[in-house]
Amino acid sequence: MIDAESKKALYVNEAYETITGRSCESLRDNPTSYEELIHPEDRTHVLAKLEEATRTGQFNERFRIVSTHGEVHWVPVHGKATLALTQDFTWISLWMRYSALSKS
């Protein structure tokens, strides 16, 4: 769960470590480090869709990430914005491992 305005990680599921090879703490310390995980060929599109999601409140994309070990995985990411008690939008996203691709 990431705050839409500050991009600060509010909650990181332990699965993040399994999928990415990075620690949950690394995402908390550097909230935009997830951008580096997005496959270079997908990054511009995905980041544009994330920016759009801060306005629309919806995110549904399937794209590649590259783990710290160089493995490429397709992940479907679904998220929605919800109103917090302060009436600010909080971005919630779910990462799920979809399938592994062979290394090139």
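The values are calculated or read from the model by the stated rules, or taken from the named source; none is laboratory data. Because the structure is predicted, anything quoted here is derived from the model rather than measured. Every residue, glycine as well, gets a Cβ built from its backbone with ideal geometry; the counts of neighbours run over all protein chains shown.
Points to keep in mind about this one:
- Among the residues listed as Val66, Val72, the single one being over 16 Å from Tyr11 (Cβ atoms), in contact with a Leu (Cβ under 6 Å, 6 or more places away or on another chain) and at pLDDT 85 or above: Val72
- Within segment 47-66, considering residues that are in a strand (DSSP E or B) and of a type in the set (D, E, K, R), the one surrounded by the fewest Cβ atoms within 10 Å (Cβ to Cβ): Arg62
Rundown of residues vs (1) surrounded by 13 or more Cβ atoms within 10 Å (Cβ to Cβ); (2) in contact (Cβ under 8 Å) with a residue 40 or more places away in the chain; (3) assigned to a loop (DSSP other than H, G, I, E, B); (4) not β-branched (Val, Ile, Thr), yes/no style:
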site	(1), (2), (3), (4)
Tyr16	yes, yes, no, yes
Ile19	yes, yes, no, no
Ser26	yes, no, no, yes
Pro31	yes, no, yes, yes
Asp42	yes, no, no, yes
His45	no, no, no, yes
